[in-house]
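Here's the structure we're looking at; comments come further down.
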Ligand code: CA
């Protein structure tokens, strides 16, 4: 079953997530320089598969599995296009949250929890990850199982391994995928263009490391209609990276007048009592809840919502490092628990910078003497720090947000 509306929604979100930095469980390595060139061909892929065969066999894939699974594997030019264009598009965090944490997704999440309450409670008891958090990952990755992706995983991975920009990475994923097939864990092996698949969009290497056989049928099946194995695997993944049950991912806060925005980064970690002493309060003006040391995050600049975040934030980052993704999981899980949506508004008149503009921003920062850590269009910590330093030097609010205003000043 597939809901078209939700399906396209999730496709758009996944696209955005990829546009920013990484995707479920895996941060894509940078492409190998110089391997752009022409699009491959089916004949080229067939030849590559021949050359790949001994390497796969040496890695433990049986000849019979390899030959049955790789026979007729299709070159998919759309996969290559997606890989090459993934940095071209991006969204502001507020545009992303509008769809990622829409009223529909909250309502469907409440229904999904109701339908799977016993399962989710058993998973919570065994792995120590709240059912609403597991459900939120499920909701963002596949709209609660309604959109799991329909591209043949082996074809996507073989295409990307052969095409070469991240050949070694995708070849390793393809070997892991072949082992999933070899073990008889999956019947119809379909997923996203980059080879993430199943209810919570696991890469094959994450399946190898973290998949669970929760229903005890001998298969770690993340793809079937029963979501049990996939949801347990997700909880197992989060537990592995240090999930602390009972600790919020973060809480929305207000910052006092004159707050030093140099303090707003994941790199500055302070006890809650320090933030409290600096005048930080919850959005409703109450004292801060003490869940240990945390950081202040302003994912949409100083005119947007502010959050006090705790280490569970970094655990969700293991799924996808984009702040917007983590905030979406956090906010969705809060609302599935009956909490309020994000209350502060966003500077909605600002649009996201294009890739070209992001590169121009980095070039401009470099020229102005503020090292952005390279010109790659990614707004990583070094670029944010450079934006802050530049804003400060120009007497602007130094929130590090790479806005059109900053770009205008650099021009
Ligand atoms: Ca199973």
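Computed from the coordinates by the stated procedures, all read-outs in this text should not be read as laboratory data. Note that the structure is a prediction, hence the values are computed from the model and not measured. Here the Cβ is made from the backbone with ideal geometry for all residues, glycine too, and neighbour counts use every protein chain on show.
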Subject >> residue 283 paired with residue 375, simple spin-label distance in nm, labels 7 Å along Cα-to-beta-carbon >> reply: 4.0 nm
Original post:
So how much slack lies between residue 115 and residue 78, counting 0.36 nm per residue of separation and subtracting their Cα-Cα distance, in nm?
Top reply: 9.7 nm
**OP:** Average the reciprocal distances over every distinct pair of alpha-carbons in region 208-288, invert the result, and give the Kirkwood radius in Å.
**Re:** 16.1 Å
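Could you work out how much longer the chain between residue 351 and residue 267 gets when fully extended? Use 0.36 nm per residue separation minus the Cα distance between them, nm to one decimal. Write down the numbers at each step before the final one.
On the way: separation 84, 0.36 × 84 = 30.24 nm, distance 2.64 nm.
Stretched fully, the residue 351-residue 267 segment lengthens by 27.6 nm.
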Original post:
Under a plain spin-label model, where a point goes 7 Å from the Cα along Cα-to-Cβ, how far apart in nm are residue 42 and residue 363?
Top reply: 4.1 nm
Subject >> By average C-beta atoms within 10 angstrom, highest first, the peptides 171-177, 39-45 >> reply: 171-177, 39-45
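Using the count of nearby Cβ atoms within 10 Å as a rough guide to exposure, how do 390, 169, 283 rank from fewest to most? Let's see the in-between values first.
On the way: 390 22, 169 19, 283 16.
Placing the least packed residue first, the sequence is 283, 169, 390.
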Original post:
So between residue 85 and residue 107, what do we pick up on full extension, going 0.36 nm a residue minus the alpha carbon distance?
Top reply: 4.6 nm
**OP:** Determine, from the Cβ-Cβ distance of residue 188 and residue 64 and an R0 of 25 Å, the FRET efficiency 1/(1 + (r/R0)^6), rounded to the nearest 0.05.
**Re:** 0.80
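Could you line up 344, 199 from fewest to most neighbouring Cβ atoms inside 10 Å?
On the way: 344 14, 199 28.
If I rank by nearby Cβ atoms, fewest first, I get 344, 199.
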Original post:
Using Cα atoms only, what is the angle between the long axis of helix 103-115 and the major principal axis of the chain, expressed in degrees (0 to 90) to the nearest 10?
Top reply: 60 degrees
Subject >> Principal-axis tilt of helix 153-163 within the chain, Cα atoms, nearest 10 degrees >> reply: 80 degrees
**OP:** Calculate how steeply helix 355-367 sits against the longest principal axis of the alpha-carbon atoms of the chain, using the helix alpha-carbon long axis, and give the answer as 0 to 90 degrees to the nearest 10.
**Re:** 50 degrees
Subject >> Neighbour-count order for 202, 214, fewest beta carbons within 10 angstrom listed first >> reply: 214, 202
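Below 8 Å between Cα atoms, with a sequence gap of 6+, how large is the relative contact order for the chain in percent? Before the final figure, lay out the partial values.
Numbers: 670 pairs, mean separation 72.3, N = 411.
After rounding, I find 18 percent.
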